[in-house]
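Taking it in order: structure first as structure tokens, then the write-up.
The values are calculated or read from the model by the stated rules, or taken from the named source; none is laboratory data. Here the structure is a predicted model, which is why all the values come from computation and not from measurement. Neighbour counts are summed over all protein chains in view; Cβ atoms, including those assigned to glycine, are modelled from backbone coordinates with ideal geometry. Ligands, DNA and RNA are stripped out before the accessible areas are found, and what is left, the full protein with its side chains, is counted by its heavy atoms. Shrake-Rupley method; radii C 1.70, N 1.55, O 1.52, S 1.80 Å.
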Amino acid sequence: MNSANPSLSSAPALDESCINTLRFLSIDAVQKANSGHPGLPMGAAPMAYVLWTHFLKHNPINPGWIDRDRFILSAGHGSMLLYSLLHLTGYDVPLEQIERFRQWGSITPGHPERGLTPGVEVTTGPLGQGFANGVGMAIAEAHLAARYNRAGFDIIDHFTYAIVSDGDLMEGVASESASLAGHLKLGKLIYLYDDNRVTLSAGTDITFSEDRARRFDAYGWHTQSVGDGSDLVAIEYALRAARAETTRPSLILVRTHLGYGSPGKQDTFEAHGSPLGVDEVRATKRNLRWPEEPPFFIPEYALAHFRRAIEQGARDEAAWKSRWAAYVQAFPDLARDLEQALRADLPSDWDADIPTFPADAKGMATRVASGKVMNAIAPRVPALIGGSADLDPSTFTALAGFGDFEPVGASALDRQGSDGGGWSIAGRNLHFGVREHAMGGVLNGLAAHGGTVPFGATFLIFSDYMRPPIRLAALMRLHVIYVFTHDSIALGEDGSTHQPVEQLAGLRSIPGLIVIRPCDANETAVAWRVALETRERPIALILTRQHVPTIDRDEFADVSGLRRGAYVLTDGPNAKPDLILIATGSEVGVVVAAARQLLERNVHARVVSMPSWELFDAQPVEYRDAVLSPSISARLAVEAGASQGWHRYVGDHGDVLGVDRFGASAPGDVLLREFGFTVENVCRRALAMLR
Ligand SMILES: Cc1ncc(C[n+]2csc(CCOP(=O)(O)OP(=O)(O)O)c2C)c(N)n1
């Protein structure tokens, strides 16, 4: 608890006034915008007030201070509550921005967006995601503390708080994340549950009847109930107890009332998603003894009370800075590593051990090459941490010898599945369990926290299970690396349920996400370089289960062409090709062989390896035209996935050999043959185009 703040019970009138300031700033903004959600801010204002004025460690003048407590409004639709808190405590969110809530060009969008509004930690709105992000932040805090803190030097030492709603707790991703957080004993994760028993369209009694406290008890959380959401002292004591609990995450169930104080709308879903209406706003102000005019009224003493956060924050950060200065003296190497990680800089020579793979007709699966590259990078990039959703043996994403992330006291656990290097929260291998959706949300939390470059792996087909957080990673411009293996029908016998078809097209449709499907071991190595060097964007690496030949770079173009998204692998002996064969990933080897056969018939094909549309689209037009020459209209794209989108590269006269139906259960080579991914069929389609 911030020592500078008076006890809650000592100034009840001030407390009430501050809470009503939060409420009415929020509902006035919703009313003026004529859209938004007034209900949550009104009911949750007391708990938010207690947390923000008496517990939250933050510096409004420096929202980026690394050791601040993190706060997430997981129920992002209640955004006005957060904007009110940010404005009142002194962040650079001026009142005119509150008045421009939800308007074009404002920094107060309908749902909070990271990067747009100072003090907004993560973008929330899709319910449940913020819940998962908090788990990621708490993992980041625990992990960095374990690796970098030393006795007497608590450099990383903060809490992660969130306000979560009924909707958050109903979403499946919250269940996955809560299960993981309980297992990992994330004692510094504290969620306030706004238990108002109303959602968008109804009361929760028709949809949500499990005992929430017992549910979270069963996950291994510490739970407490506050029966009256206006009881500030009870909230304060619950927060104190939650902070004192070090081995379990905490859920504080606070019984609140949606639209608190509104005579006509409290406890009804009508208080949820639309403005109260001018008359009801007036009636609510009257009911809570608040001046009806002017709107956006902020009593001076309330503002002064909230603004104490600036002074307190400056003191807290100054104390941390002197700790940091002493730490730099005492542990210069650790300090350098941590600083580099926090700045998201790569150490010099970080890539010195990345192997070059010799040409090899049999080659290796790109998932295997990826595993080798990751393990060459890991010793030199301490920030690289991550894992898979229970698929390590298949995704080859274990960082061998770098420890398994498990809480202290887990020593009696069954130890199979270890990646070596010991079990502790300093371990860099995260075991997500079979929880893809939580993994996606946790990766976002890790990246948003700072200090790590997180990766997560699963089969490409199951990227569908984590699509919502992938989209949010792109929206937030987070540096998250996805390793998606088993990337086509060629995975074989597992059959159509496991064979991705439309996933590549789906991922490519997400703005800002870089998708790279390397064709061989060396392209995989360059893809990892791009993945590490790219900051502020998520990257998906799409890798094969099956072997692919390692291309002879003496005969074909240099692999650095991957950086440009697409490049000419060969024009054959003729500078004026008759057609262009474009392929990605495992299909590049097929078109290379096809080009050879075509040459025997005196047909000259250019072969373009096109591992990444996004990287290619970012190239200047001169480069793009040099690869896909406008004068060559006969173009065949070959990719074992949905053909959707390829026509923009092959044009009206081109053709696409893709997969526009579901796969089947059979050996991979049989499937590739049956689906037409053979040298003969590529030649046939190419020649047909020329006719
Ligand atoms: C994944 C997702 N589904 C649906 C919605 C639309 N939505 C916004 S708020 C809400 C219900 C909110 O109920 P609750 O979480 O209890 O919030 P409160 O009513 O307390 O404001 C819904 C369904 C959403 N934002 N996210």
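Couple of notes before you dig in:
- Segment residue 557-residue 660, extension gain: residue separation times 0.36 nm, minus the distance between their alpha carbons: 34.0 nm
- With one equal scatterer per alpha carbon and no solvent term, the Debye-computed log10 I(q)/I(0) for segment 504-577 at 0.17, 0.25 1/Å reads -0.73, -1.21.
- Under the Debye formula (equal points on every Cα, no solvent term), log10 I(q)/I(0) of segment 393-479 at q = 0.16, 0.18, 0.23, 0.26 Å⁻¹: -0.69, -0.85, -1.20, -1.33
- Positive minus negative residues near residue 124 (Lys, Arg vs Asp, Glu; Cβ under 14 Å): -2
- Using the 1.4 Å probe convention, the accessible area of segment 402-534 works out to 28 Å² per residue with neighbouring protein chains retained.
- Over segment 195-281: Rg over Rh, Cα atoms, Kirkwood Rh: 1.06
- Computed from the C-alpha gyration tensor, the three semi-axes of the ellipsoid equivalent to segment 328-421 are 27, 23, 9 Å, from longest to shortest.
- The C-alpha atoms of the chain define a longest principal axis, and helix 332-342 lies at about 80 degrees to it.
- Hits among lysines - C-alpha to C-alpha of residue 188 under 27 Å, sequence gap 8 or more where chains match: 57, 321
- Ligands, DNA and RNA excluded, the heavy atoms of residue 47 present near 0 Å² of accessible surface to a 1.4 Å solvent probe.
- Ellipsoid equivalent to segment 425-582 - semi-axes via the Cα gyration tensor, in Å: 30, 19, 15
- Every Cα-Cα pair in segment 201-356 was counted, and those over 24 Å apart are 67% of them.
- Taking other residues whose beta carbon is less than 13 angstrom from the beta carbon of residue 400, and scoring Lys, Arg as +1 and Asp, Glu as -1, yields -1.
- Beyond 15 Å, the tail of the calculated P(r) for segment 244-314 holds 69 percent of the Cα pairs.
- Theoretical ellipticity at 222 nm over the chain - DSSP helices of four or more residues, -39500 (n - 2.57) apiece, nearest 500: -12000 deg cm²/dmol
- Whichever lysines have a C-alpha closer than 22 Å to that of residue 372, once near sequence neighbours (fewer than 8 apart) are set aside: 362
- Over the chain, the Kirkwood radius and the radius of gyration, each from Cα atoms, give a ratio Rg/Rh of 1.03.
- Neighbour net charge for residue 110 - beta-carbon separation under 14 angstrom, K R +1, D E -1: +2
- Estimated vicinal HN-Hα couplings, Hz - segment 85-91 in sequence order (Karplus 6.51, -1.76, 1.60; Gly, Pro = x): 4, 5, 4, 5, 7, x, 6
- For segment 586-691: Kirkwood Rh in Å [reciprocal of mean 1/r, alpha carbons]: 14.7 Å
- Computed P(r) (all Cα pairs; segment 61-214; 5 Å bins; percent): 2, 9, 17, 19, 17, 15, 11, 7, 3, 1, 0
- Antiparallel beta bridges, as assigned by DSSP with both residues in the chain, represent about 10 percent of the total such bridges.
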